[in-house]
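The block underneath contains the structure these notes are about, expressed in structure tokens.
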Amino acid sequence: MFLRTRSDDRPYHLGPFPLESRPRDPTIVGIEAARAPADPPPPLAAPQGPLGRAARTYLELVATHAAADPAPQLAPVPDDLARRAVDIKGYAYFMNATQVGVCRMPASAWLRGAEPLAHDHAVVVLVEPERAPEPDNLAHAWVAPAADEVVSIRAAEIAVAVAGHIRAMGFPARAHVAGHGMVDAERLAVLAGLAVRAGDRLRNPYVGERFALAVVTTSYGLETDRPLAAAALAGARGLRYWFGINGATSGRERNRRGRRATHLSRYPMEQVRRVDRPTTLILDDEIPRVPKRASFFDRALRGDLGDKAQAERNRFAFKQPHTAGMMAMMRGMVPLQDGQVAAEADRSRYGDPAANARAIKSLAYFLGADLAGICEVPRYAWYSHGQDGTPIEPKHKYAVVMLIDQEYDTMEGASGDDWISGAQSMRGYLRGAEIAGVMSDVIRQLGFPARSQTNVDSDVLHIPLLLLAGLGELSRIGELVLNPFVGPRFKSVVLTTDLPLAPDRPIDFGLQYFCSHCWKCARECPCDAIPWGDKIVFNGYETWKPDVERCARYRLTNAKGSACGRCMKTCPLNKVVTADGPLVQRIASWCGVNAFWLKPILVPIAVRLDDYLGHGKRNPVKKWWLDLEIVNGVCVKPVKGVSERDLDLDHRIDPEKKPMAYYPASMMPVPNDVGPQPVDRKAAVAIAKRMETPAQARARKARGEPPPPEYVPTPPREGAATGGKIDLATYGNAQKAVAR
């Protein structure tokens, strides 16, 4: 209770509800199988309102990926059907299913008139809707007619991802989603132990009658669940549920979340100190605009880092089957990021920026964002040039910045750089793309321009917007913002718009002091890319600047895992602050946000205690995934093995013997030349040694002197090899990758 919780010992694949505690009745299998086949449901009714129409667009997009051919060879999966089920259920919970069950496919579960597939198992996904905004909230009118559409997207997305994962392992699988199914989802929900028939309705012991269902049928053999007994409905929400039976999320925690206003996240960000400027120096008038071409992942794709990095760039985060299940959907969302603004819309209702901001945040949380903030977009946050070298002009005033939690329990089971790391990132990016895409569509229907800015296609830099929107402070990890409640464990997505919005202010929760006295991320970085020394000023930003080239090369070519999130895994602020969390952790979190005067006492204790308790080690109870690698389109056992890294308490480096390499604006590639431009690491190491300190930069500004020449970006070159926009089909294309 004080240092650990019962949830630490709860196997991940059991999910957040204690469904395993409910009584079962195997005789229901025969009863359900004997029921006559159901008639196909009527076509989906026309969507209502801007949110309904936007959600339907995304539902139809997701449904196009429900079926495809499996990989040409079977993966070396275990014969143990229970272990297989742990992987499949775990993946569905990882994708935020509310509950998941598995059953056999009786012939009568195919809809009347459907051509049955040679599938003998069904994975049933149940998703409950988020809370609707309050009646006096502008978002209430958007959500009220569209709640079913929205929850159907989430169920469909999960089912399509699970089906894609199974197909990547070489087994046939098809997702059946709202408006695009061949099965009786209600019958299968009963057989899979997710619901009980109550007259002509289904009822779940914990969720009630309001939920969406989606199904994956497959020939992949899995351990099945037993149907719930009728008595399962009685007493489900009793005292044991209230205190978190079997380590499941407690009724107390759900009640706490339910009492919060819908424009607030589940975390008490309103308690965090607000300031006028971010806690790290930002020289607004000196920051150069940089091209997308300067991103090291883009540079690798263009060949700047050599042949091996270029080959691995096509598969580094996508070289395992869980991520493969998401990629088609993510690519398909790119064309929907922008669109026409409704000229006939009545914009007069949206003249109050504060009311608009409240509604937009409520919509973000209803769609599944974990944290949201708003800021104005400074000119330097816009990229200077796109992927094809063409100039980008700033066009929107505001940014809605949203964070997607990368999922604490899964990270607890991982090393941070093993085979689930890439999937954690891609899950956050997929969810963010869906949320921001739907929201931007809604805003355009209201008569205002809006564009979602995703990891696949963004015209803006996210980090300055995260700081300005009050979602975190810059950390020792460097090019990564930490939030006071989820630490570094998130992916961001941005929506830019001209809808009038009231901006948030930056926050100060004392992170600069904390990171100045904690080196755990630097100690645990597998490639020593995180600095041990003090902050510098890089391109106008005060930062603990990492060696981004070294980091990118490791993430791209990691042979024992998919990408890397080791710094997030081991950060002492990687935690979950809930009513179920350890008492010491809750007290420490409150003090960190509210009692600044205690930091000199608490920070050294917290850092040492974090190591003493083994935070950052792998918790085997939370490992649900199978370790598989995709090579030439086929799943195999990882060629080089699996990272089983744990804490390295004695690791230290001498920065003089392993210096950092920095590539400021003057060393960035020609922005309109998409041909290879090899990096000059020797020059980057030399330039790193003469970077300004924050004190030196402030003094120079006070003297009225110009910025260093390193702040001047590499100019475009006439006659350069332009027009090389990245083909999105190459993302995740393991067929073209070279296994090394």
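The values are calculated or read from the model by the stated rules, or taken from the named source; none is laboratory data. Model, not experiment: these values are computed from the prediction. Glycine also receives a Cβ, built like all others from the backbone with ideal geometry; neighbour counts cover every protein chain displayed. Note: accessible area is taken over every heavy atom of the protein model, side chains too, but ligands, DNA and RNA are not part of it. Shrake-Rupley method; radii C 1.70, N 1.55, O 1.52, S 1.80 Å.
Below are the figures for this structure:
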| item | result |
| --- | --- |
| Area accessible to solvent at Arg154, 1.4 Å probe radius, in Å² | 30 Å² |
| Two-site FRET efficiency, Leu239 against Arg505, from Cβ-Cβ distance with R₀ of 41 Å, rounded to 0.05 | 0.45 |
| Extension reserve of the Glu60-Asp534 stretch, reckoned as 0.36 nm per residue once the Cα distance is removed | 165.6 nm |
| Three-way shape call for the stretch 1-145 based on the alpha-carbon gyration tensor, with the a/c threshold at 1.5 | oblate |
| Heavy-atom accessible surface of the stretch 531-618: percent carbon and sulfur, 1.4 Å | 65 percent |
| Unpartnered cysteines - no second Cys beta carbon under 4.7 Å - across the chain | Cys103, Cys375, Cys515, Cys518, Cys525, Cys527, Cys551, Cys564, Cys571, Cys591, Cys635 |
| Accessible-area composition of the stretch 91-193, carbon plus sulfur, in percent [1.4 Å probe] | 51 percent |
| Cross-link pairs Lys599/Lys622; Lys397/Lys569; Lys599/Lys658; Lys520/Lys599; Lys292/Lys491 - those with Cα-Cα distance over 25 Å | Lys599/Lys622; Lys397/Lys569; Lys599/Lys658 |
| Sorted peptide list for 34-42, 476-484, criterion being average Cβ within 10 angstrom, highest first | 476-484, 34-42 |
| Euclidean distance of C-alpha centroids, the stretch 46-93 and the stretch 100-147, integer Å | 12 Å |
| Estimated dipole of the chain in Debye, rounded to 20 [Cβ of Lys and Arg +1, of Asp and Glu -1, Cα centre] | 1220 debye |
| The chain, helix-only ellipticity at 222 nm - DSSP H runs n ≥ 4, -39,500 (n - 2.57), divided by all residues, nearest 500 | -9500 deg cm²/dmol |
| Spin-label model distance (nm) - Ala68 vs Ser348, 7 Å beyond Cα toward Cβ | 4.9 nm |
| Accessible surface, the chain, averaged per residue in Å² (probe 1.4 Å) | 38 Å² |
| Angle in degrees between helix 583-594 and the longest Cα principal axis of the chain, rounded to the nearest 10 | 40 degrees |
| Of Val537, Asn574, Ala450, farthest towards positive along the dipole that unit charges on Lys, Arg, Asp, Glu beta carbons give the stretch 448-592 | Asn574 |
| Dipole in debye (nearest 20) - the stretch 230-332, about Cα centre, beta carbon charges: Lys, Arg +1; Asp, Glu -1 | 600 debye |
| Positive-end extreme of charge dipole, the chain - chosen from Leu301, Ala436, Ala522 (charges on Cβ) | Ala522 |
| Efficiency of FRET between Asp8 and Val639 - r from beta-carbon atoms, R0 30 angstrom, step 0.05 | 0.35 |
| Percent accessible area from carbon and sulfur atoms, the stretch 322-403, protein chains only, probe 1.4 Å | 49 percent |
| Summed residue charge, Cβ within 9 Å of Ala688's Cβ, Lys/Arg positive, Asp/Glu negative | +2 |
| Sequence of Ser492, Ser475 when ordered by accessible area, the most exposed leading, probe 1.4 angstrom | Ser492, Ser475 |
| Helix axis angle, 353-367 relative to the chain longest principal axis, alpha carbon, degrees | 50 degrees |
| Distance between the stretch 483-554 and the stretch 627-691 - C-alpha centres, whole angstrom | 17 Å |
| Loop trypsin sites (Lys or Arg not before Pro), the stretch 648-724 (other Cβ atoms within 10 Å of the site Cβ: 15 or fewer; DSSP) | Arg652, Lys657, Lys689, Arg690, Arg717 |
| Nearest 10 degrees, 0 to 90: helix 548-557 Cα axis against the chain principal axis | 30 degrees |
| Spacing of the two label points (7 Å from each Cα toward its C-beta) at Arg698 and Arg274, in nm | 2.5 nm |
